[in-house]
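Notes to accompany the following structure.
A short reminder: the numbers here are calculations on the coordinates, not readings from a lab. Nothing here was measured: the structure is a model prediction, and the numbers come from that model. Positions of Cβ are backbone-derived with ideal geometry, glycine not excepted, and every protein chain shown enters the neighbour counts.
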Amino acid sequence: MMSFFDFAAVALSVAICLVPACLLRRQHHARAQDFFVSSRSTPLGVIGNSAVASTLRLAAVGPFFAWGATGDVWPAVVASGCLGLGFVLFYQLRGPIVQFVGGALREDRSITVHAFIARQHGDDATVRLLAASLTLFALFGLITGEAIAVAAMLKPVMGSTALVCLSVLGMLILMLLCAVLSGGSGAMASAQLQLGMAYLGLIGSAALLLYLQASMLGPMPPHGTLAIGLVALWCVFVLVYRRSKYVDTNLLRLADPDRPPRGAAALKRFQQLLNPVISIFVVLAIVIAGMLLYFIGLSGAGRESLAALQVGTNLPAAALIALILLPLLYPLVDVANWQRLAAIEKHIVEGGFEPGLRPGILRSFFRMAGTEGALLGLLMCMFGALAVMATQTPGSADVMPAFVTQLVSDQNEVTVVILPLLLAGVSAIALSTMLSMFSASLSTIRYDILPWFRPELSPGAAPAADEAVAMRCVTIAGVGFLAAIVAAFLAAEAAFRISISSSAFLALLFALGSAQLVFLPLVLAPLMARTSGGSGALSRNWALAIMGCGALGGAVAAAIHVMTGREAWLWAVVPVCLGMGLLAAVMARLWPVKP
């Protein structure tokens, strides 16, 4: 059963997200962008931290953990490296996107990737609606996957399935409250707090696991030595790069900068306390890892690390292709990234920054999200190797929940601290991811779905009085969206036994995320055409055909997986979606234009 400390750690990690949302709930929002993008009180550090928090998803942590536990490190290396390159690609192609977002903010239009696609290809509402619907489908599946993953982590501790479901439902309700009470600013402020709790839980657990391994001084597999070295390097990097500032400590303010909300000072003190506590665990991990590497010997550590990297992978070729394509291209079409980019542009304009500072601010944002996001995925892989080695967890299909079970059954003076830290960290990861995606879903509904049914409520066209009507409509739609997520989660818990550590679970998440990749050709065409002086525009019909072909190809690959049971077909959904869309885009370029 869950101890008091375990319960307190999870409760604090989850409930802390409500504090910024409650502090920012009373702001006046005359425009849609003031609520669904950000208010003028959102610091740049909060925006950057929220981007880092959303890159680490608990549903993907299980397979990364399992790869590290078994020594199959190359899939994690490939996926993490491609995620970093994906943000580099986004930064290199940012010009037309920043120009579009800036114009949309000035005219109070939609700032989403769906509006960008529609504006470039026929300026048709149907194109925008189809793209937004595909995004909502992807976010629906990904949020449900996060709920399934956190339930799997809580089951070994709670024991009761009913208590686990109630806990997950509570997290989903908190997600709704945070997104509805304070909009984009509150969601980003809450997500950056969750990042701090995730760092505290993961780095604290890693430091204590290193202590367990040092106390045994037993033989280590080659990938265990590699894990110790990479965890030490990661801690050195984050200590130097972050300079002991893992969460932004600026005072939350409302529209009036001279009147901070009541309780903002207490939140600031908590953040100022959280930063040095994380640094203490970081330094502890560096010291203990250094002692272990000194015991092994630098030459021996290097030799064993190279041996670990020379081991091949058992994943099929389709899986490796998907691990390259989705992390590389998804940041460019992720509606949450466009939302945060709009928040940065809004902050720059309303803050009166000099125009020459914009490139540096954007470069810092993309560098933070890309670098830390990539290294966090690699850290989770090494954490898996370290956890199984230090606790001697037996290998199984569900190795991450098995590790939690091992901590519950083998209680001592160290594991009794590791368990609450780990639970706090994984709960923070899941909630920050769900909150970012749910906030992006509400933004999509407000900007791209609602105007289809109620054109008079389009942003920029609706007067201030009608904005309250639009907000009620979005809230009702958000509640319905949450109800569908809850129904899917409960159905999956009742009907399926899902292993969150299996590669098939990650393949399913990739298949769901590929629903947003189907309109990638429509995004890349105008971005790449600008460099050659063209427009890259297509007609409305071709835009619909490209998205339809990509979605149909992915559905066919998923159907073949269901009929055959072969995992490779589930991985193939990503390249098939992208390939069919690109093929249709090439046909659109080659098709003769009628006079």
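For this structure, a couple of remarks:
- Computed FRET value (nearest 0.05) for Thr564 with Ala492, which takes r as the C-beta separation and R₀ as 22 Å: 0.55
- Sequence-ordered 3J(HN,Hα) estimates for the range 335-341 from the Karplus curve with 6.51, -1.76 and 1.60 and θ = phi - 60° stand at 5, 5, 5, 5, 5, 5, 4 Hz, glycine and proline given as x.
- Sorted by Cβ density within 10 Å, fewest first, the residues Lys245, Lys346: Lys245, Lys346
- For the range 4-590, the equivalent ellipsoid derived from the Cα gyration tensor has semi-axes of 37, 28, 23 Å, listed largest first.
- Estimated FRET transfer efficiency (Val311, Ala504; beta-carbon r; R0 30 Å; 0.05): 0.90
- Within the chain, helix-based [θ] at 222 nm, where runs of 4 or more DSSP H residues each add -39,500 (n - 2.57), nearest 500: -26000 deg cm²/dmol
- Qualifying aspartates and glutamates (Cα of each under 16 Å from Cα of Lys346; at least 8 residues distant if same chain): Asp34, Glu107, Asp108, Glu354
- For the pair Gln392 and Trp452, label points projected 7 Å from Cα toward Cβ lie 5.8 nm apart.
- Residue exposure sequence - Glu567, Glu413 - by fewest surrounding Cβ within 10 Å: Glu413, Glu567
- Ser441 sits among other residues whose Cβ lies under 14 Å from its own Cβ, and their net charge, with Lys and Arg +1 and Asp and Glu -1, is -2.
- At 0.890 mPa s and 25 °C, Stokes diffusion of the range 33-85 via Kirkwood alpha-carbon radius, µm² per second: 182 µm²/s
- The fewest-to-most ranking of Arg109, Arg358 by surrounding Cβ atoms within 10 Å reads Arg358, Arg109.
- Projecting label points 7 angstrom from Cα along Cα→Cβ for Ala266 and Ala468 puts them 3.0 nm apart.
- Take the Cβ atoms of Lys245 and Val417, set R0 to 30 Å, and the FRET efficiency comes out at 0.75.
- Whole-number percent relative contact order across the chain, with pairs defined as alpha carbons under 8 Å at least 6 apart: 33 percent
- Highest-first arrangement of 161-170, 324-333, 7-16, where packing means the average Cβ count within 10 Å: 324-333, 7-16, 161-170
- Cα long-axis angle, helix 415-444 against the chain (0 to 90 degrees, to the nearest 10): 10 degrees
- Environment charge of Ile111, counting only residues whose C-beta is closer than 13 Å and scoring Lys/Arg +1, Asp/Glu -1: +3
- Added length on full extension, which subtracts the Cα-Cα distance from 0.36 nm per residue, Asp123 to Leu163: 9.5 nm
- Against the main long axis of the alpha-carbon atoms of the chain, helix 264-296 sits at an angle near 50°.
- The angle between the Cα long axis of helix 503-513 and the longest principal axis of the Cα atoms of the chain comes to about 20 degrees, rounded to the nearest 10.
- Local charge for Gly48 was computed over the other residues whose Cβ lies under 12 Å away, with Lys and Arg +1 and Asp and Glu -1, and equals +3.
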